[in-house]
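Structure first, commentary second.
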Amino acid sequence: MSRVKTPNAILVLRGELKLDDYIVDIAWSTDTMRLAVAGGEGKVFLVKRSESALGAREIGQHGMGTLAVAWRPGSSAFASSGQDSRITLFDAEGALVAQQRPSMNWTTALAWSPDGRRLATATGKQISLWASSLVVEHTFAPLASTVTALGWDKPGRDLAAAMNGGLVVHRVEPPRFQLRHYKWSAPCLTAAFSPSSRFLATGTQDGTVHFWYLSTGRDSQMRGYPGRVDGMSWSGDSRYLATAAHEQIVLWDFGDKGPEGSRPLQLRGHTDRIECLAFQPGGNYLVTGGRDWRLSLWLPGKTTTALDAQLTAAEPTCLRWSPDGRFVAAGERNGRLSIYELVRIF
Amino acid sequence: MTTMDRVPVTVLTGFLESGKVTLLNRVLSENHSKRIAVIENEFGEVGVVHQLVIVAEEEIVETNNGRICCTGRSDLLRILEQLLKRRDKFDYIIETTRMADSSPVAQTFFLDDNFKQQFLLDATVTLVDARYIEKHFDKMTEAGEQVAFVDVIRLNKTDPVGEAELERVARQVRAINGTARIFRTQNANVSIDCVLDVGASDLQRTLAVDGSFLGPQYPLEWAGVYQLAVGQHTLRTGAEAQAHHHHEHGPGCSHDHSYEHKRGDNHDDHGDARDKSLGFVVLTVAAATQQTLAAAIEPPVRAFAGEAVTVARGGSLKVAPAQQPIDVNHKGNHFVVDVAAVGTYANFCEHAPAEFNLRTEGAKPIVQRAFTSHPHDEEISSIDISDLRSLETQKRNDWLSNLLKSRGTDIFRMKGVISLEGEARRCVFHGVHMILDGQLEQLWAAGATWRNTLVFIGRNLDREKLEAGLHSCLA
């Protein structure tokens, strides 16, 4: 008689501290020893991690609110942007290296290309590409409406932008920059390529998920969400697209023929609205944070119940895996930052 | 979450930018302990130094969720989300919009469950310039919609607008939007009470302030009492008598002299094409007083309900409780009234006489009164319906949901207070077009009558159908 072992893993708290601001965004350094944290009131923090402790220093300010932080892959530099429109580049010690101010509009999104060569930013209707020292490389013609999200594909060749009316993809092959529209008449809030680069997905204000098969351009829509879909994450093997519908996790299965006509995998465990979710990079563990002050760990496709759950001290606002998939940083509304390590039991 | 926990939001709208800015700066600089976040659509609107000011470029988006179409502002969505992150830093939000039609702003608050729970659209305030708005009411387009959507109207008087004209505009505004509170201002000077803590989303609160709009509507707009001698009296209409134009001034005069002259050339354009005749009744009354006039209203109201043959140009009018519509089609007409005995006589008119330059030769009204009239087709109007009996929740949901989906485009605003069977709390709801938000609020006050009251502001509204709909929801 053989016994199938249920995969089991837990989250182990490895450090926590309280920052003096609401946590909006978190970015890990490549070596996982540092984190940049964006504060909702405008502060930018650099957090250093050691074996036993976390230490933080306030290093910058974006008037009115910081909106995004992004660590440059393979490097010790990171960028922040905010409601003051400014884009700021810091070094590993938190010293200011360069700053740009594209306009008066908010710079809502930052995305480094996977090779770390260029930084894409979205300021109002305008997308810009910057070389690593914040020298402008290319400014795209303003789009029809404000950009809400940016996402690179894995090779770093295509940059997707979400806006009202669909997605726009810029193929970045300087000096050529080609544009392709993926039209969908709804306010689109996210833009995410699958790691396989086969699919491009978006979540919308009116409660749908829309995606395109990139090889053919064919598109498909998944309805039924009770409200806006503003968070999504692809599993490392591109099998699942995780989204949230209030307190339920809704996973669309992109294996085989694709999710059309199928029912999604629905995971239950949270007792209140899910605020943030993230798949492990290159892996299949999923973490979710909900208004029930719970952080849960899942392995979709293998189990239907949470593998582990941790209580937070306030509403979780942001979840970010380290690039090596080993740690999860969780930011909370009251400024608490906690680092968990994924520990496999068997 | 109760209303008390939600952040009240005031929206300032209107054609006049300067009016909004003056009001905004006044609210921010006044000495009060209220912490206010401001969302403006242009840099420099806020003149005073203020902590929490966000500038946004207005972007309209349409969403379609389950056949409910909603127009909202995506920039506002982003800003509100960010503001929620610093929820403990402010008590109020003021948003300014350039658009006359403020429904996208209002609907934005309903677009998201989270927003519905965290924000309360407290009031939409507009500044209306009396002179400007009257010109545009004739066309019943943007001006009418601007007025229809709002909760608070600051009716601004600037020279040379007279009191009488202001009165007329106020009446026209009220005919469109019965629920709006009207503040008279001069040079946009008004207290912050019309901006903060207005509570306009709660119909009961609006009624507590001024329930007079829930009064009766009449089939006529004007009545005046004259002292007439025995003999034939001539009524004139239209431009023909411009050369002999004399203005009827009296103690209760409701027009403004300058206004008359401005409109002198356009009499042919007055009213709609279908207003080829003007409903008219002439009666004897006991005295030339407001009380007598009010007491005499019933027979003409009944008479207006009846069918009648239009009296042609040059025709004669009887003193009798009967409808005698007069032909106002031509450039100028005259009619004759035979008066058998000296005394006081009242003319009851379907529309305001000034619209047709209607006057009685040789006589001026001693007293006169304007009435809130029934809405015409295609006009924007307010309709209120009520019932003392409780409603059944599911039936109410079905009725309102179907109503908004089918008539949502024409229904601009809806507000109501409802009593549901088995529920001791009041249900307060308000809607903008197809979007509806309802909340169970506090308990009905001890001793209060549990009463359903709904107000609809919109175009082509059918009172009978709305009442039938309400009755279909009775428990």
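The values are calculated or read from the model by the stated rules, or taken from the named source; none is laboratory data. Everything numeric in this text was worked out from a predicted model, so none of it was measured. For neighbour counting, all protein chains shown are included, and Cβ atoms are generated from backbone atoms with ideal geometry for every residue, glycine included. Just the protein is used for accessible areas: all its heavy atoms, side chains included, with ligands, DNA and RNA removed. Shrake-Rupley method; radii C 1.70, N 1.55, O 1.52, S 1.80 Å.
General remarks:
- Taking the Cα centre of the protein assembly as shown as origin and assigning +1 to Lys and Arg Cβ atoms and -1 to Asp and Glu Cβ atoms, the resulting dipole is close to 2380 debye.
- Net charge, A:Phe193 excluded, C-beta distance under 12 Å - Lys, Arg +1, Asp, Glu -1: +1
- Global form of segment A:18-101, assessed from the alpha-carbon gyration tensor, a/c cut-off 1.5: oblate
- Summed over all non-identical Cα pairs, the Kirkwood treatment of segment A:1-149 gives a radius of 16.2 Å.
- Accessible surface of chain A, 1.4 Å probe: 47 percent of it comes from carbon and sulfur atoms.
- The protein assembly as shown, helix-only ellipticity at 222 nm - DSSP H runs n ≥ 4, -39,500 (n - 2.57), divided by all residues, nearest 500: -4000 deg cm²/dmol
- A versus B: buried accessible surface, summed, Å² (probe 1.4 Å, to nearest 100): 2300 Å²
- The candidates A:Leu200, B:Leu440, arranged from most to least accessible area with a 1.4 Å probe in the full protein assembly, appear as B:Leu440, A:Leu200.
- Take each residue of peptide A:200-213, count the partner chain Cβ atoms within 10 Å of its Cβ, and average: the result is 2.
- Other-chain or far-sequence residues with amide H under 5 Å of B:Leu120's (modelled H): B:Val7, B:Val9
- Convex hull of Cα atoms in segment B:292-347, direction-averaged projection (nm²): 4.6 nm²
- Of A:Ser322, A:Ser103, B:Ser33, the order by accessible heavy-atom surface (1.4 Å probe, DNA, RNA and ligands excluded), from most exposed downward, is B:Ser33, A:Ser103, A:Ser322.
- Prolate/oblate/rounded label for chain A (Cα gyration tensor, a/c 1.5): oblate
- Ordering A:Lys257, B:Lys331 by accessible surface, largest first, gives A:Lys257, B:Lys331; the 1.4 Å probe counts only protein heavy atoms, with every chain in place.
- Vicinal HN-Hα couplings computed from phi for segment A:42-50 (Karplus, 6.51 cos²θ - 1.76 cosθ + 1.60; Hz; Gly/Pro x): x, 7, 10, 10, 10, 10, 10, 10, 10
- Modelled label positions at A:Glu247 and A:Leu17, each set 7 Å beyond Cα in the direction of Cβ, lie 3.5 nm from each other.
- With the gyration tensor restricted to C-alpha atoms of segment A:61-153, the semi-axes of the equivalent ellipsoid amount to 19, 16, 11 Å, longest first.
- Charge tally for A:Phe279 (other residues, Cβ to Cβ under 13 Å; Lys, Arg +1; Asp, Glu -1): +1.
- Distance (nanometres) between label positions extended 7 Å along Cα→Cβ at B:Glu423 and A:Asp91: 6.3 nm
- Net charge in the neighbourhood of B:Pro321 (other residues with Cβ under 11 Å of its Cβ; Lys, Arg +1, Asp, Glu -1) is +1.
- Probe 1.4 Å - accessible area at A:Met104, Å² to nearest ten: 100 Å²
- Remark: for residue pairs B:Lys20/B:Lys364; A:Lys302/B:Lys85; A:Lys183/B:Lys89; A:Lys48/A:Lys183; B:Lys116/B:Lys395, the C-alpha separation exceeds 31 Å in B:Lys20/B:Lys364; A:Lys302/B:Lys85; A:Lys183/B:Lys89; A:Lys48/A:Lys183.
- Among A:Gly255, A:Gly290, A:His181 the positive-end extreme of the charge dipole of chain A (Cβ point charges): A:Gly255
- Using Cβ point charges alone (K and R +1, D and E -1), the dipole size of segment A:82-217 about the Cα centre works out to roughly 380 debye.
- When segment B:357-475 is described by a simple charge dipole with +1 on each Lys and Arg Cβ and -1 on each Asp and Glu Cβ, the residue from B:Thr409, B:Asn460, B:Thr449 located farthest towards its positive end is B:Thr449.
- Simple point charges give the picture: +1 on the Cβ of Lys and Arg, -1 on the Cβ of Asp and Glu, and for chain A a dipole about the Cα centre of about 640 debye.
- Gyration tensor (alpha-carbon) shape descriptor, segment A:224-307, a/c threshold 1.5: oblate
- Once backbone amide H atoms are built at 1.01 Å from N, A:Thr208 has A:Val229 as its partners under 5 Å, excluding neighbours fewer than 5 places away on the same chain.
- Selection from B:Leu400, B:Cys427, B:Ile385, by position along the positive dipole direction of segment B:353-430 (Cβ): B:Cys427
- Rounded D (µm²/s) - the protein assembly as shown, Kirkwood Rh over Cα pairs, Stokes-Einstein at 4 °C, 1.567 mPa s: 43 µm²/s
- Projecting label points 7 angstrom from Cα along Cα→Cβ for B:Asp88 and A:Asp256 puts them 5.1 nm apart.
- Euclidean distance of C-alpha centroids, segment A:144-164 and segment A:184-258, integer Å: 14 Å
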